[in-house]
1. Leaving out ligands, DNA and RNA, what percent of the accessible area of region 1-137 is carbon and sulfur, probe 1.4 Å?
2. With Kirkwood's inverse mean 1/r over C-alpha pairs for Rh, give me the Rg to Rh ratio of the chain, two decimals please.
3. Would you compute the Debye intensity of region 70-173 from its alpha-carbon atoms alone, equal scatterers and no solvent, and pass along log10 I(q)/I(0) at q = 0.20, 0.25 Å⁻¹ to two decimals?
4. Sorted by packing (mean other beta-carbon atoms within 10 Å per residue), highest first, where do 7-17, 82-92, 111-121 land?
5. Note down the relative contact order for region 48-122 as a percent, whole number, built from C-alpha pairs under 8 angstrom at least six residues apart.
6. Over the chain, with the other protein chains present, what is the accessible area per residue in square angstrom, probe 1.4 angstrom?
7. Can you order the peptides 125-138, 150-163 by their average number of other Cβ atoms within 10 Å per residue, highest first?
8. What list of ³J(HN,Hα) values in whole Hz, one per residue of region 25-31 in order, does the Karplus curve 6.51 cos²θ - 1.76 cosθ + 1.60 (θ = phi - 60°) give from phi, with Gly and Pro shown as x?
Amino acid sequence: PPLFPALRAEFGLSNAALGVLVSVISIGLLLQLPVGGLVDRFGAKPIFVAGTALTAAGVGLAGFATSYLWLIAGAVVSGVGQSACHPADYALLDAVTDSENKGKGFGAHSFGAYVGFAVAPLVVGGISLRADWRLALFVVGAAGVLYAALAAFTLDSPYRRRLDETEPGEDESTLAETFSTLWDPIVFLLLSFFVVATMANKGVQT
């Protein structure tokens, strides 16, 4: 969103077309359930690293855009990458916190995310104003790739160890069984709430 004025001027886009970009990035919300299945199968660290790298690659890809469709492609790649965020990071947090400090750990994590949301417009908008919107996307994309590499080499794998310590057949479920839980009235109600709340948040944020 901080780049919307520059993108509007570059490609002659309407507000609706710009809004579609944000909506496309949110495709990751729809993929979190199957990605959560991958976390339970392969562990949280590789999914987190891959998702972070893919998110960053999508941002960098948008920096090369010569058309609106190219921007959409970058948003799709970034959105798919973001689908790994919550299934992986909350699994990692859950694995390294106990019942006494779990709330604090999750709270610190969420607070850090909102600090990032607050700082991003200043960084991205600042680079765009002083240099170019493409450079802003390249810088953010490169920072994301570097962070993914740092995580790949330094991040521990506590959730993978937890999976390895689980008895065979214990807490295992197929992807179909996982999807079937969506039709549980309480789960469906909670899912609907978070979908609507997220749509409202994205709208206000944009």
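The values are calculated or read from the model by the stated rules, or taken from the named source; none is laboratory data. Keep in mind it's a predicted model, so treat the numbers as computed, not measured. A quick note on method: Cβ atoms are made from the backbone with ideal geometry, for glycine too, and the neighbour counts reach across all protein chains shown. Surface areas here come from the heavy atoms of the whole protein model, side chains and all, with no ligands, DNA or RNA. Shrake-Rupley method; radii C 1.70, N 1.55, O 1.52, S 1.80 Å.
1. On the way: 4970 of 7050 Å².
Answer for region 1-137 is 71 percent, counting heavy atoms of protein chains only.
2. On the way: Rg = 18.5 Å, Rh = 18.6 Å.
Ratio of gyration radius to Kirkwood radius for the chain: 1.00.
3. With one equal scatterer per Cα and no solvent, log10 I(q)/I(0) is -1.24, -1.45.
4. Values: 7-17: 12.8, 82-92: 21.6, 111-121: 10.6.
Ranked by mean Cβ neighbours within 10 Å, highest first: 82-92, 7-17, 111-121.
5. Over region 48-122, the number comes to 29 percent.
6. Details: 12460 Å² over 206 residues.
Here the residues of the chain average 60 Å² of exposed surface.
7. Ranking, from highest mean packing down: 125-138, 150-163.
8. Those phi angles translate into 4, 6, 4, x, 4, 6, 9 Hz.
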